[in-house]
């Protein structure tokens, strides 16, 4: 699932014309994936 999320994020970041918005998309996805990472109990 993480791979498809990253592929979608990279695709969306390439579509937009605003570099700041592009960076924000990638940053938000990175943060989201980091939060969902499995943590040992």
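Bear in mind that the values in this text are calculations on the coordinates, not laboratory data. Bear in mind the structure is a predicted one, so any value in this text is a computation, not a measurement. Please note: Cβ atoms are built from the backbone with ideal geometry, for glycine as well, and neighbour counts cover all protein chains shown.
Out of all the residues in segment 25-41, which are exposed (fewer than 12 other Cβ atoms within 10 Å of the Cβ) and in a helix (DSSP H, G or I)? Before you say what the answer is, go through the steps one by one.
Keep residues of segment 25-41 that are exposed (fewer than 12 other Cβ atoms within 10 Å of the Cβ), which gives 28, 31, 34-41.
The answer is 28, 31, 34, 35, 36.
Show the residue pairs meeting these rules: Cβ distance below 9 Å; 6+ apart or different chains; first residue within segment 1-15 and under 11 Å from residue 29 (Cα atoms); second residue loosely packed, with under 10 Cβ neighbours inside 10 Å.
Short answer, once both residue conditions are applied: 2/37.
Restricting attention to segment 4-13, does a residue exist that is part of a loop (DSSP other than H, G, I, E, B) and surrounded by fewer than 12 Cβ atoms within 10 Å (Cβ to Cβ)? Spell out the reasoning first.
Residues of segment 4-13 that are part of a loop (DSSP other than H, G, I, E, B), as a first pass: none.
So far as segment 4-13 goes, no, none of its residues is part of a loop (DSSP other than H, G, I, E, B) and surrounded by fewer than 12 Cβ atoms within 10 Å (Cβ to Cβ).
Test each condition in (1) more than 8 Å from the chain's Cα centre (by Cα); (2) loosely packed, with under 12 Cβ neighbours inside 10 Å; (3) assigned to a helix (DSSP H, G or I) for residue 22 and report the one that comes out false.
For residue 22, the exception is condition (2).
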